Amino acid sequence: MNQAQHGAPSQTTADAVTVTGVDKTFDTRSGQVHALQGINLTVKAGEFVSLIGPSGCGKSTLMRIIADLDQPTAGSVAVFGKSAGQARLDQDYGIAFQQAGLLPWRTVAANVGLPLELHGVGSAARAARVAELLSMVGLTEFADRYPDQLSGGMQQRVAIARSLAESPSLLLMDEPFGALDEMTRERMQTELVRICAETQAAVVFVTHSIPEAVYLSDRVVVMSARPGRIQEIVPMRLDGERTESLREDTRYFEMITAVREALHGGNPGGGIATGGLATGSVAASAPVRGAETR
Amino acid sequence: MTTGAETEGLRPGPEAGPPGLDTAAGGLLDQRSGVENPAGRGNPAGRGNPAGRVARNERIETKARQTPRGARELQVWAYGALGLAAIVIVWELYKLLAPADGVVIGGLRVLPRTTDLAMPHIWDMLARLFEPVTRAEGAAPLWAAVGAGALVTLGIAAVGWLVGLVVGVGLALVMLRWRLAEWGLLPWIILSQTVPLIAFAPIVRSWGSKIQIGGFEWADWMSVALIASYLAFFPIAIGALRGLQSPDVIHTELMRSYGIGWWRTLVKLRVPASVPYLLPALRLGAANAVIGAVVAEVSTGLQGGLGRILIQYAGQASGDPAKAWGPIFGAIVLGLVVAGSIALLGVFLKNYRRVEVNA
């Protein structure tokens, strides 16, 4: 429903997010902490970009700056050509956190409809949209239940449905599957891929799981800690559909290795896990890695 | 008690508990979760998944709590009755066994006299309720006089509670909005409760009697209501502030991401989230309002309320010892009515008392 609006601004139309020279320092008691330094990143419309890195590398902070929940110390952020603050007020993005963050006194349907309700969508239109979203995440029969009656995975799906309520062209997700068990997690990833294909939304996805980043993304942004910097941007060469069979594909393992190596700063010695998962693919992934460093 | 409930709750099927609305819901929940799991949706929780595990445990607990609901409620009442019976038995046993002059050690009476004057029989107290207040012709039974007094006190306490609610919530909002106000106000609010009420009451009355604005004249009952509100506002202010501050960062940030302002965040998020904190505060405030009203009636000498009757009948206790217990029972019933009203309010707001499982 917002699609038409977003088509309007001319020169940066193609880009969902443009981060230019962003620095972020936090003042703490023990002095300044450099959370982010010299971040430049562009996310194209409809592109799925994952931020990955060790804890403390500022990947969540970067997402929060894009969401206008934090302010950069220096540099600028544009979302669909507007300032981050304006984009927030215009509801250009939907957001989902590691915890579902549902309001416990609202039913599943009322939780999903919350952003619509807050922005004055009429009740009939709201009910129709909520029904559509719930069927998208497979929770139609749970519409009248309360969050405490759902499992963690179901709560998370409600939160994702809520983030999609206003058909945003940009989804910001901060480890949304972090608290889920492996099986639920894989199922949710598959669903997310399907939903993204349906909605054509760009996604900025924060995660600390390499396989997750590889499976979902068009590009994986590998970050390093203290100060938080973009170490490398690894494009995923996994053309075609993200299906379950991809998880057993050699290209998938090659990409995992590529990201892992980037995480370890190109140091093959950091490869305890490298050897375990895909031996022999190290060489194959090497040229890919160098291809698109920022 | 809990063990019994759990074993019953784990028995499968909707027939596990006695029929009733909640039981039916519990049964439905059982069936649905049965459907949901084989479908692979319900998250095979409990395996390396903290959130899921919590959710599952919670659900099992809910079942355990819901299924034998009727039985549990019966148990609660049974324990209540047992407690009451225990008090009666202890009272009567002591009266029967202890010496009439009480127990005196070294010139100090450590246990009270057991004469009918000091400790009337329980049944005498109850019987007295149904006898006329005075020997005068056509006098109403004692319970009616006590009831009328209790109603007056209830009305005054209710006004005091409402004023306390408005003031308490107002203060909480001011403290929520401005951090500085919280630092500045909170110590004074706490200090306000250290002022001894009995010393305070006559002063309020004498202030009140001088107020006259146009057609409005300060009535004596208003002084009593003011003192009741003085006691009631404190727990409400503290509870409301805690409740309004209770939403998680994730929720406030979500509201920020929706681009709505402070007031709408208050209405949509903070006020509903405050209910679990507000309800106990309201109950405490209501109990305080009743105590404040009774004590203020006593110390300002207001006619018609329970406090006045209490003093009056206590003065007649040498001739009619059971009579003095009438207003005491009245005060107990009043307390129960007030607590019950708040509990009723809680029933209407029960959806706001749900807790989030894994946030």
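Exactly one of these conditions fails for A:Thr42: (1) assigned to a helix (DSSP H, G or I); (2) within 15 Å of the chain's Cα centre (by Cα); (3) away from chain B (no Cβ under 14 Å). Give me its number.
Condition not satisfied by A:Thr42: (1).
Collect the residues in segment B:169-206 that are aromatic (Phe, Trp, Tyr) and at pLDDT 80 or above, keeping them in residue-number order.
B:Trp178, B:Trp183, B:Trp188
Filter segment A:79-105 down to the residues that are out of contact with any Pro (no Cβ under 8 Å at 6 or more places or on another chain) and either within 7 Å of another protein chain (Cβ to nearest Cβ) or more than 15 Å from B:Ile260 (Cα to Cα) (or both) and list them by number.
Across segment A:79-105, the qualifying residues are A:Val79, A:Ser83, A:Ala84, A:Arg88, A:Leu89, A:Ile95, A:Gln99, A:Gly101.
Report yes if some residue within segment B:110-127 is β-branched (Val, Ile, Thr), modelled with pLDDT of 85 or more and more than 30 Å from A:Thr184 (Cα to Cα); otherwise report no.
Taking every residue of segment B:110-127 in turn, at least one turns out to be β-branched (Val, Ile, Thr), modelled with pLDDT of 85 or more and more than 30 Å from A:Thr184 (Cα to Cα).
Could you tell me which of the residues B:Pro272, B:Pro280, B:Pro235 is touching a residue at least 24 places away in the same chain (Cβ under 8 Å) and over 14 Å from the mean Cα position of the chain (by Cα)?
B:Pro272
If you scan segment B:106-134, which residues turn out to be in contact with a strand residue (DSSP E or B) (Cβ under 9 Å, 6 or more places away or on another chain) and over 30 Å from B:Val146 (Cα atoms)?
Within segment B:106-134, B:Arg109, B:Val110 qualify.
Can you name every residue in segment B:91-134 that is closer than 19 Å to B:Ser318 by Cβ, of a type in the set (D, E, K, R) and not in a loop (DSSP other than H, G, I, E, B)?
Of everything in segment B:91-134, those that are closer than 19 Å to B:Ser318 by Cβ, of a type in the set (D, E, K, R) and not in a loop (DSSP other than H, G, I, E, B) turn out to be B:Lys95, B:Arg109, B:Asp124, B:Arg128.
For segment B:342-353, state whether one or more residues are part of a helix (DSSP H, G or I), away from chain A (no Cβ under 14 Å), in contact (Cβ under 8 Å) with a residue 40 or more places away in the chain and surrounded by 15 or more Cβ atoms within 10 Å (Cβ to Cβ).
yes
Among the residues in segment B:239-260, are any within 14 Å of chain A (Cβ to nearest Cβ) and over 25 Å from A:Tyr93 (Cβ atoms)?
Checking segment B:239-260: at least one residue is within 14 Å of chain A (Cβ to nearest Cβ) and over 25 Å from A:Tyr93 (Cβ atoms).
Select from segment A:13-66 the residues that are acidic (Asp, Glu), over 19 Å from A:Pro235 (Cα atoms) and touching a residue at least 12 places away in the same chain (Cβ under 8 Å) and list them in ascending order.
Passing the criteria: only A:Asp23.
Among helices (runs of 4 or more DSSP H) lying entirely in segment B:141-233, which contain 3 or more residues that are in contact with a Ser or Thr (Cβ under 7 Å, 6 or more places away or on another chain) and buried (at least 19 other Cβ atoms within 10 Å of the Cβ)? Give the derivation first.
Numbers: elements: B:142-177, B:179-192, B:197-208.
By residue number, B:142-177, B:197-208.
The values are calculated or read from the model by the stated rules, or taken from the named source; none is laboratory data. Keep in mind the model is a prediction, meaning the values are calculated, not measured. Virtual Cβ from ideal backbone geometry, glycine too; neighbours counted across all protein chains shown.
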